[in-house]
Amino acid sequence: MFDKVLIANRGEIALRVLRACRELGVRTVVVHSSADADSLPVRLADEAVRIGPAASRRSYLNAAAIVEAARQTGAQAVHPGYGFLSEDADFAEICAENGLVFVGPPPQVMAALADKSTARALMSRAGLPLPPGSVRTLPTVAEAQEVAAEVGYPVIVKAAAGGGGRGMTVVRSAAELPRAYARTRAAAQVAFGDDRVYVERYLADARHVEVQVLCDGHGNGVHLGTRDCSVQRRHQKLIEEAPAPALRQATLDTVAEVALRGALSVGFTGAGTVEFLVDEAERCHFLEINCRIQVEHPVTEMITGIDLVQEQLHVAFGTPLRLRQSDVRLDGVAIECRVNVEDPDRDFAPAPGRLERFRPPGGPFTRVDTHGHVGYPVSPHYDSLLAKVAVWAPDRDAALDRLDRALAEFDVAGPGVRTTIPFARRVLRDPAFRAARHTTALVERLLAPPAADAPPTDAPPTDAPPTDAPPADAAAEASPARAVVPDPRGAAEPGGRTPVSAVPAAGPTTWRNR
C-alpha cells in the first residue's frame, strides 16, 4: 500500500478519504485554499499545504500547484475525490508524467468516457441500450431538427463534454429547438470549452438508476448493486437510496450485469458509476459513466459493508480486486439525504454563513458525513453541500422513518443560513415517494404552485428559526506557519491546464506534521 496520499479536494469528501487512508495506515497530505485554512480536513491531516486563494481556479483546479505539493511532500498518489479535477484526463496524465499515481481510471479511458457522445458509441458497441437519439454530435441545427423529428418530442439537447447536471436543455416542441440548440452550444462552450452537442429523446417519466462498479487493472470487476437517484432538482441529486426500489429483480439483475460489461469493455479501473434512465416499462437506457467516487457512495457501503474508498486505493496500488461477485451481498435498505446550505423557498439559492449551531443527528444505523462544526464559515466560493445523512434499516419503510427522525434532529443555524432539510422532509412525506412510484419529475411537481382551487397544504417542518442576517464573510487567509505552493497567474493553457513548469521552485517551507 502507499505510504502517503495527497487528497486534492475539500469538505466532507476530503475528510472521508482521509479517514480511509488513516485506517489503512497511510499518511495524508491535504491541499487547501486560504478559505479552507481552518477546515477539519486540514486540522486532521498529517500535512497541510496551502495552494492558493479561495477561487477554485487558482487553488483546487490548479493542477500545477497540486502536483508540486505532492512532489514536495513525497506523496506517491493523488486522490481527487469528486468534482474539481476528479474526471480531468489532463490532470491524470500530468500526475503520471510526474511519477504520481492518480486514484482513478487511466487518462485515455477517462478522456473517452468524459465525452458523452464517444461514451454512447462505446457503450452501444458493448451492447448497452441507449435512449433514442444521435450517437454522434450534431454540428448544425438542421441535423438536430432531423434527429428530433425522428425520435419525437420532447427531446433533450446535451453537451458532449457536459457533466454534473450542466449542459442540458429540454425541448418540448420543434419551434423551441433552434433557440435551445444555440443556447446549449453557447453555454457548453463557456462551461467546458467545447460546444459540441447531441440530441436524444427526453424521458419525462423515468427513474434515474445507477450501478456501482469496481474494476482492477487485471481485467476483474464486480458490481455492487443499484442506487435510485430520481429525486433531483435541475439534474442535481437530493436523495439517493440503495437498492433501487419497486423494480423487478430481473430488471435490477439486467441493469447491473450490462453496467459491469460496459465498464470492463473500455478498460475501466477503480470505482465508477454507470447511470441509466429506466422507463415505465422498465426498459433501461444508458446515460453515462462517472469515473470517480460518487457523493452517494455511502448507501452502497451501508448495504454491502464494503469500503469503496479503501478499495479505490487498493486498485490504484495495483492490487488485484479482493472481491468476487459471489462475495457481494446486499442487505437491507439505505437512504441518503444531501444537506445543502441553500434556501428552497428562493429556488435553492445558496445561503452561506457562519454556523452558530451545528448538531448532527445520531442514533442506531445513522451515518453523517460532514466537515461542518460550530463556528464553521460556510464559504460562498464552493459547492453548497454541508453534510450527508445516510441511514440503514431492514426495509424501506423503516429506513424512511429513520431518515425523517434523523433530519428532525439535525440542528443547523447561523446568520443567513438556510438548509434543504425542510424540503427533504417534505419529499419523505410525499405519497408517491413513500410508495416508490416517483420519477425524476417529483421535485418539479412539489415546487409547482398549487392550483387556485387546491386546499392549503401543511407547512414543511423547519430545521432552524429563520433569520434575515446577511451571510458571514469568507474565512481569513491561512496562517503563515503553513506551507504555500506558489500559484502563478496567467499560466493556464487553453482548457484550464496549467503546466507544472510554470510553478516557481518553492523556497524554505514549514510543514504541519502530526
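Where a number appears in this text, it was derived from the coordinates with a stated rule and is not lab data. None of the values given here were measured: they were computed from a predicted structure. All Cβ positions, even for glycine, are placed from backbone atoms using ideal geometry, and neighbour counts span all protein chains on display.
Based on the Cα gyration tensor of the range 66-111, what are the three equivalent ellipsoid semi-axes, each the root of five times an eigenvalue, rounded to whole Å and given largest first?
In descending order the semi-axes read 17, 11, 8 Å.
For the peptides 345-358, 6-19, residues were scored by their other Cβ atoms within 10 Å and the scores averaged per peptide; the highest-first order is 6-19, 345-358.
Globularity index of the chain is 0.95 (Cα radius of gyration / 2.2 N^0.38 Å, N = number of residues).
Annotation: amide H of L130 within the under-5 Å range of F286, sequence separation 5 or more or interchain, hydrogens built in the peptide plane.
Volume of the convex hull of the range 350-389 (Cα atoms only), normalised per residue: 66 Å³. With only alpha-carbon pairs counted, each pair once and no self-pairs, how large is the Kirkwood hydrodynamic radius of the range 325-412 in angstroms? Computed over Cα pairs of the range 325-412, the Kirkwood hydrodynamic radius comes out at 14.3 Å. In vacuum, with every alpha carbon of the range 124-183 counted as one equal point scatterer, what does the Debye formula give for log10 I(q)/I(0) at q = 0.18, 0.21, 0.29 Å⁻¹? Two decimals, please. Reported log10 I(q)/I(0), two decimals: -0.64, -0.86, -1.39. Protection proxy ranking, highest mean first, for peptides 361-369, 270-278: 270-278, 361-369, where packing is the per-residue count of other beta-carbon atoms within 10 Å, averaged. Over all pairs of different C-alpha atoms in the range 1-68, the reciprocal of the mean inverse distance, the Kirkwood hydrodynamic radius, equals 11.8 Å.
Expressed per residue, the C-alpha convex hull volume of the range 1-116 stands at 93 Å³. Computed over the chain, relative contact order equals 17 percent, with contacts defined as Cα pairs under 8 Å that lie 6+ residues apart. Distance from the Cα centroid of the range 231-271 to that of the range 94-110 is 25 Å (rounded to whole angstrom).
Treating the beta-carbon of each Lys and Arg as +1 and of each Asp and Glu as -1, no other charges, what is the dipole magnitude of the chain about its Cα centre, to the nearest 20 debye?
Details: 57 positive and 64 negative charges, 105 e Å.
For this selection, approximately 500 debye.
Calculated on the Cα set of the range 190-258, radius of gyration then Dmax: 15.4, 43 Å. Over the range 274-336, the pair-distance histogram of Cα-Cα distances with 10 Å bins from zero comes to 17, 38, 38, 7, 0 percent, rounded to whole numbers. Pairs of Lys residues in the chain, spaced 8 or more positions apart or belonging to different chains, with C-alpha separations under 23 angstrom: 4 in total.
In the range 1-127, a dipole from Cβ-located charges (positive for Lys and Arg, negative for Asp and Glu) runs towards its positive end, and of A92, I51, A121 it is A121 whose Cα lies farthest in that direction. For the range 238-295, with equal point scatterers placed on the C-alpha atoms only and solvent neglected, what are the log10 I(q)/I(0) values from the Debye formula at q = 0.28 1/Å, to two decimals? Each listed q corresponds, in turn, to -1.34. Cα centroids of the range 372-399 and the range 125-193: how far apart, whole angstrom? So the separation of the two Cα centres works out to 33 Å. Within the range 103-212, the proportion of C-alpha pairs whose separation exceeds 22 Å stands at 31%. Mean projection of the Cα convex hull over all viewing directions, computed for the range 204-307: 6.4 nm².
Each of F410, A244, V231 was scored by the projection of its Cα onto the charge dipole of the chain, and the greatest displacement toward the positive side belongs to F410; charges sit on the C-beta of Lys, Arg, Asp and Glu.
Distance between the C-alpha centres of the range 17-73 and the range 199-225: 30 Å, rounded to the whole angstrom.
Here is what passes the span test in the chain: the DSSP H helices with alpha carbon length of 18 Å or more along the helix axis and a Kyte-Doolittle mean of -1.0 or above are 11-23, 177-192, 249-265, 396-409.
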